[in-house]
Structures are given as C-alpha cells and as structure tokens.
Amino acid sequence: MLATASPGLQAVARRLTLAAPTAAAAQALCVVRLPRRLPGRSASLRAAASAAAAEAAPPAKEGAEELGFQEMTSGTRRRYYMLGGKGGVGKTSCAASLAVRFANNGHPTLVVSTDPAHSLSDSFAQVEGPDAPLFALEINPEKAREEFRTASQKNGGTGVKDFMDSMGLGVLVEQIGELKLGELLDTPPPGLDEAIAISKVIQFLEAQEYSMFSRIVFDTAPTGHTLRLLSLPDFLDASIGKILKLRSKIASAASAIKSVFGQEVQQQDAANKLEQLRERMVKVRELFRDTESTEFIIVTIPTVMAISESSRLHSSLQKESVPVRRLIVNQVLPPSTSDCKFCAIKRKDQTRALDMIRSDPELMDLNIIQAPLVDMEIRGVPALKFLGDIVWK
Ligand SMILES: Nc1ncnc2c1ncn2[C@@H]1O[C@H](COP(=O)(O)OP(=O)(O)OP(=O)(O)O)[C@@H](O)[C@H]1O
C-alpha cells in the first residue's frame, strides 16, 4: 500500500497530524507536505525556549541519564510510545515532536492519532522533512466501529432472530440479545472507539507494508477515555468470548437447516470477524503492559488541577500494570527580566504546582521533563523538530 502513496496529493497540515481530509483523500493514501520553514517569529521562539530550557531543567535524578532520549532511540526493535493526559495539555505537540525526533535519528516512524476530533476517515500520509520515513496514520474510530457493528448484526441481528425463531431456536438468540452487544454498539461507552481503533492499528501493523516502522507513537485520547480503554479489552474479551460460544451452539444445532438457506457461510464470516477482534483486543492489552516494548508517557501542565489528574492517571495506569516512567510538564513559563506582574504571579503559581509534583507519591519517582511555553503555535516539521530537540534530550 505504501507504494501507491503519491507526492502530488493535496497538502494539509495541522501540526503533524492531519486535518479533515477531502473526500478523495479520505479514500486514498496520500502524501502530506508540511511547511518547510519556521514562521518569522522563530528567533524569539528560539530565545525564549533556550532560556526556559536552561532555567527549567530539573536537577538530574540518580539514574535519570538512563531515561534520556538516547535510551528511547537505541535499538531497532519496534517500540511503542503512548502519550496521554488531560485535554489540551499538549499531547499532540509532544507526540508529533517525538515522532520527528525519532525519524531524524534514523527510525522509520509512524505517529498514530485515534482522537475522534481529528479525523473523518482513516488516512495515512507521509510527512516530508525528517531524515527517515515519518508517516502519520489517523484512524476514524466511528468507521472502525461500523465495521464491527456490521459483523455483529450478521451474528445476532433481527434477520438471524427471525430465522432462528422459525426454527424454534429463538431462546438461544434471546441469550445473545442479553449480552447486549447491539446496544453496546449503538451507545458505545467512552473508550470503546479508541479500543477498536487501537486494535485496528495493531491489525495494520501486522501487515507487511508496515513492518519497516521501528517506532510507533500514539497520540492518545484524553485521560478518562484512555483509562476506560485500558479496561475494555478484558470486558470485550469476556463478552465476545460468550457470544462465540453461543454462536457455535447455534451453529451446530441448526447447521443442516441453515445450509439449505445458504446462511452458514455468512454467519461463519461474522463469527470469524468477532474472533479476530477478540484476539486483537487481547494483543492490545498485552501491548499496553509490555515493559520491553511499550511506554505510556503522561503529559501535564503546571497547574494544581492538571497535576492532580495526572496523579490519578498514574495510579490507574499502575493498577492496570501499564509501564510509565516519564512525566512531561508542558507549557512552563520561561524566565523573563521584565517586571510583568501577570507573568510573575503565573510563574509563582507554576512553581507551586511543580513543587506539588515533587511531593506527590504517585509522581515524584517519575522522570520529569519540563517543556517551555513557547510564544507561537507549534505547527510544521521545523517547529516540531525545534520543540523535540528541547523536550527529548
Ligand atoms: N509548549 C507549548 N508552547 C506553546 N504552545 C503549546 C505548547 N504545547 C502545546 N501548545 C499549543 O497548545 C494547543 C494544544 O496543544 P495540543 O493540541 O498538542 O494538545 P492536546 O493535549 O493534544 O489537545 P487535545 O486533548 O485537544 O487533543 C495547541 O495550539 C498547541 O500549539
């Protein structure tokens, strides 16, 4: 599939992830050209960021050097980095800057967005600029869910019920109904979309075309969703497992009659699809917990509320045995020689919040990375490279 990507398609860039693709682009794999030059304010951005980086750098912790970028980039075995945190703290900017940094260090990299707000359809695009291939993949969770719904309707929808009723097997169908899979899909719990979307990413990554990627960076959905997502594979694993069992009972009871109507093959397809989904969900869960290949990086900002939420997130991730080692504190105000009262108050507030991290039992042992608030919107590869060089050291 990669071979069909054409450099001529319409360029759309929103930081590194893609804006809503056109109908044509939505259908195809497309190449996105990002701005090659930093906007005119790059000098002030650079000055502020360097000053902030120098000022904000926390004292090196014992063993901290092992958790530098060197450690993230070493080795060619595939690794996954998932960035999560409260809405708007800078997950996408940090994820995209990490992806650019990996690509510039020779890693063919894929950055994945599963945020429903970002995409209308699945799209896959090469980002121009970095030294090694950098691709952005956006999964449309709604579309992924639709595929799943179609499979389950075939499996337990009214067509099957009418048919089974006529065969005196309606009770079994009611049992399927009790599992409420249809309802689950009509009013999905938050997190289901992301779970299905991530399972879809895993499906992609099993394909030959994607084998070249040695670093996969996930720009995850906000905190609450991500957490629910983590418990979902267990839930889906259990309910899909039950459905499959019932399915095989029904199939064996009615196979002779069904084959007369030619429905057996279709239903077997649906059952296979559910089984595949279940297997992928199990893989998602394993992937999330694999310390060798996966790391969940929490992104936060220096406010009391964001830090409290990050503390809860870390606690939940630990309960789910998800490896977390780094905490990015983004948008830390750079130092200034001017006597701006507003800035002074804000800085004091941020200092208090940073102290809170140091005394929070959930967060204090994490490797803390401070990223400065810069004076412009972070868009395009050069700006992301710039941010990445400051954040990922
Ligand atoms: N260090 C920073 N300095 C200045 N602006 C920043 C910084 N980090 C992020 N921003 C800006 O803040 C806004 C939100 O950032 P971003 O989209 O990366 O956050 P997010 O956590 O992914 O948001 P969402 O939860 O909505 O997906 C963007 O306009 C981005 O350019």
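A few points about this structure:
- Against the numbered list (1) surrounded by fewer than 18 Cβ atoms within 10 Å (Cβ to Cβ); (2) within 11 Å of the ligand (Cβ to nearest atom); (3) more than 28 Å from residue 103 (Cα to Cα), residue 375 comes up short only at (3).
- Top-ranked residue in region 75-104 [being β-branched (Val, Ile, Thr) and open to solvent by 10 Å² or more (accessible area, probe 1.4 Å); ranked as farthest from the ligand (Cβ to nearest atom)]: 76
- Considering region 113-135, the residues that are within 13 Å of the ligand (Cβ to nearest atom) and either crowded, with 24+ Cβ neighbours inside 10 Å or among the aromatic types (Phe, Trp, Tyr) (or both) include one that is modelled with the lowest pLDDT, namely 119.
- Summed over region 349-372, the residues that are of a type outside the set (A, V, I, L, M, F, W, C) and within 15 Å of the ligand (Cβ to nearest atom) give a count of 3.
- Residue match in region 330-337 (condition: at pLDDT 95 or above and either among the basic types (Lys, Arg) or over 28 Å from residue 293 (Cβ atoms) (or both)): yes
- Selection of first residues in region 68-93 that are free of Cβ contacts under 8 Å to residues at least 40 places away in the same chain and of a type outside the set (Ser, Thr, Tyr) and of second residues that are more than 16 Å from the ligand (Cβ to nearest atom) and open to solvent by less than 10 Å² (accessible area, probe 1.4 Å), restricted to Cβ pairs under 8 Å at least 6 apart or on distinct chains, gives an empty result.
- When residues of region 292-310 are limited to those that are farther than 17 Å from residue 91 by Cβ and touching a strand residue (DSSP E or B) at 6+ places or on another chain (Cβ under 9 Å), the one least open to solvent (accessible area, probe 1.4 Å): 293
- Odd one out for residue 335 among (1) closer than 24 Å to residue 82 by Cβ; (2) within 16 Å of the ligand (Cβ to nearest atom); (3) not acidic (Asp, Glu): (1)
- One residue stands out among those in region 56-74 that are charged (D, E, K, R) and at pLDDT below 90: the one that is least open to solvent (accessible area, probe 1.4 Å), which is 61.
- Test: residue in region 378-390 that is open to solvent by 40 Å² or more (accessible area, probe 1.4 Å) and more than 16 Å from the ligand (Cβ to nearest atom): no
- Contact map, region 367-387: first residue assigned to a strand (DSSP E or B), second residue open to solvent by 40 Å² or more (accessible area, probe 1.4 Å), Cβ cut-off under 6 Å, separation 6 or more or different chains; pairs are 367/325; 368/58.
The values are calculated or read from the model by the stated rules, or taken from the named source; none is laboratory data. Computed from a predicted structure; not experimentally measured. Quick reminder, even Gly has a Cβ in these numbers, built from the backbone with ideal geometry, and neighbours come from all protein chains shown. Remember, those area values only see protein heavy atoms, side chains included, never the ligands or the DNA or RNA. Shrake-Rupley method; radii C 1.70, N 1.55, O 1.52, S 1.80 Å.
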